[in-house]
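Written out below as structure tokens is the structure these notes cover.
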Amino acid sequence: IFPGRDGSSEVYAVDNATVSIERGTFVTLLGPSGCGKTTTLRLIAGFEFPTNGTIVLDGELINELPPNKRDMAMVFQSYAIFPHLSVYENIAYGPRIHGLAEGKDELDEVVERSLTRAGLWEEVKDRLQDSGTALSGGQQQRLCIARAIAVDPEVILMDEPCSALDPIATAKIEELIAELTDRYAIVIVTHSMQQAARVSQRTAFFHL
């Protein structure tokens, strides 16, 4: 619930929305600007908390869990890489703090595997110590996806990941998402009906 425009009343940002998402399914949240798509994604991720209703993952109520306890990974609209870290450290950061790799050899394997799944390894394998900001926009977004994969989540959430990209980079991201669908439940927010038609298996349409 958010304050109304006049400040004297409240309006529901998302009301009466129910959706079930299975592993191996690519779901698009589609609708006009301001209809609640990103708010819904943030509710699922744990960046916002619902005033009523339930969010359930694998049968567990997760309404009150913080983002780092939800077994999910988020890819944002702007390439939210760690600007002061190298390509390698951008990927290694999550597995390291979550204890998913023991020692440098295991961490090296996680980094290479994640970058390979994100279709980026061949492009950056000789640039692992360069800053992540030295990559192109499309490469930075695939780096963010590789970072999400590295913590082996059940769910990957993406908020308009292609909106700042050119058509060629967008096509690469869409191909990558399609390849990842077998392993994860993927939810993407977009305002592009054409993109939803190209890539999604199911679409939840938000009206007004």
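The values are calculated or read from the model by the stated rules, or taken from the named source; none is laboratory data. Source: prediction; values computed, not measured. Every residue, glycine among them, receives a Cβ derived from its backbone with ideal geometry; neighbour counts consider all protein chains shown. Note: areas computed on protein heavy atoms with side chains; ligands, DNA, RNA excluded. Shrake-Rupley method; radii C 1.70, N 1.55, O 1.52, S 1.80 Å.
Looking at Ala80, Ala73, Ala17 in this structure, which one is touching a Pro at 6+ places or on another chain (Cβ under 6 Å) and either surrounded by 14 or more Cβ atoms within 10 Å (Cβ to Cβ) or in a loop (DSSP other than H, G, I, E, B) (or both)?
Answer to the check: Ala73.
Take region 187-198 and flag every residue that is over 15 Å from Gln141 (Cβ atoms) and either β-branched (Val, Ile, Thr) or not in a loop (DSSP other than H, G, I, E, B) (or both).
Selection gives Val187, Met193, Gln194, Ala196, Ala197, Arg198.
Within the set of pairs 6 or more residues apart or between chains, which connect a residue that is over 17 Å from Ile156 (Cβ atoms) and of a type in the set (Gly, Ala, Ser) inside region 66-95 to a residue that is open to solvent by 70 Å² or more (accessible area, probe 1.4 Å) and in a loop (DSSP other than H, G, I, E, B) with Cβ atoms less than 7 Å apart?
Cβ pairs passing all conditions: Ser86/Gln129.
State all residues of region 21-61 that are under 24 Å from Asp182 (Cα atoms), open to solvent by 70 Å² or more (accessible area, probe 1.4 Å), in a loop (DSSP other than H, G, I, E, B) and not charged (D, E, K, R); if no residue qualifies, say none.
If the condition is that a residue be under 24 Å from Asp182 (Cα atoms), open to solvent by 70 Å² or more (accessible area, probe 1.4 Å), in a loop (DSSP other than H, G, I, E, B) and not charged (D, E, K, R), then Gly59 is the only one that fits.
Taking the residues in region 154-186 that are among the small types (Gly, Ala, Ser) and either closer than 15 Å to Phe26 by Cβ or not in a helix (DSSP H, G or I) (or both) as candidates, determine which candidate is modelled with the highest pLDDT.
It comes out as Ala185.
Exactly one condition in (1) open to solvent by 10 Å² or more (accessible area, probe 1.4 Å); (2) under 24 Å from Gly36 (Cβ atoms); (3) assigned to a helix (DSSP H, G or I) is not met by Cys144; state its number.
Exception for Cys144: condition (1).
Within region 150-177, how many residues are touching a strand residue (DSSP E or B) at 6+ places or on another chain (Cβ under 7 Å), of a type outside the set (Val, Ile, Thr), under 24 Å from Glu112 (Cβ atoms) and open to solvent by less than 30 Å² (accessible area, probe 1.4 Å)?
3
Test Arg117 against the stated conditions and say whether it is closer than 17 Å to Ile173 by Cα and out of contact with any strand residue (DSSP E or B) (no Cβ under 7 Å at 6 or more places or on another chain).
Answer is yes for this residue.
Quick grid of which residues meet (1) at pLDDT below 90; (2) farther than 28 Å from Phe49 by Cα:
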position	(1), (2)
Lys69	yes, no
His84	yes, yes
Pro95	yes, no
His98	yes, no
Thr116	no, yes
